[in-house]
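Structure first, commentary second.
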Amino acid sequence: MDQFLFFLVAFLAVASAVYFVFAKNPLYAILSLIVTMFSIAGMYILLNAQFLAIIQIIVYAGAIMVLFLYILMMLNLNKEDESKKNNTLKFVGVFTAGLLLIGVLGVFRGIQENHVLVENVDQGVGLTKNLGRLLFNEYVLPFELASILILAGIVGAVLIGKKDL
C-alpha cells in the first residue's frame, strides 16, 4: 500500500512539475508548482519525516509561493511578453535539462549496483522528537548561532527597508 501511495504522489509531483514547465499562463504555472510542493511534502510523510513535510508546506508551499504570486501580480505578465523571449535561453534550458537527465541516469546506475538492506533501518529517524533531541543536545551551539544570524538578517532588512530612521 505504501508503494502504491508513493507512486501516486510521485506521479502527481512529476505531472504538475511538467505542467509548470509547459504552462502558457504564468498563474497556472505557479499553482502547479504549489501542487508539486504539496506532493513533495506527501513524499516526506511517506518517508516518516513529518517535520520536513510540515516545513515544506509552511516555507515553500506557503511563504515562497505567496511571494511568487505577489511578484506575478506586480509584474502583470502578458502573452505579448512570451514572444519576446530569446531562443538562446530556450536552447540553454534544453541543454541543462539534458545534463540533468544524464546525472539522474548516472545516479540510477549507481543505485542498481549498490543494494542497501532495509532491515536495520530505524523507523523513528524522521520524528520531531528525535530531531529536537539532536538539535538541543549535540548541535545546540550551531543552532543558536544560526538563529542569531537570522535575527541579524531580519533587523538588517528592516533597517534597509525603512526610509526614515
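All conditions in (1) under 13 Å from the mean Cα position of the chain (by Cα); (2) farther than 30 Å from Leu134 by Cα; (3) not hydrophobic (A, V, I, L, M, F, W, C) hold for Gly42, with the sole exception of (2). Of everything in segment 114-165 that's modelled with pLDDT under 75 and of a type in the set (A, V, I, L, M, F, W, C), which residue is farthest from Tyr44 (Cα to Cα)? Selected residue: Leu165.
So which residues in segment 8-37 are farther than 13 Å from Leu72 by Cβ and at pLDDT below 85, if there are any at all? The one that is farther than 13 Å from Leu72 by Cβ and at pLDDT below 85: Lys24.
Taken over segment 71-100, residues that are surrounded by fewer than 10 Cβ atoms within 10 Å (Cβ to Cβ) and modelled with pLDDT under 65 amount to 7.
The values are calculated or read from the model by the stated rules, or taken from the named source; none is laboratory data. Here the structure is a predicted model, which is why all the values come from computation and not from measurement. Because the Cβ atoms are built from the backbone with ideal geometry, glycine has one as well, and the counts that use them run over all protein chains shown.
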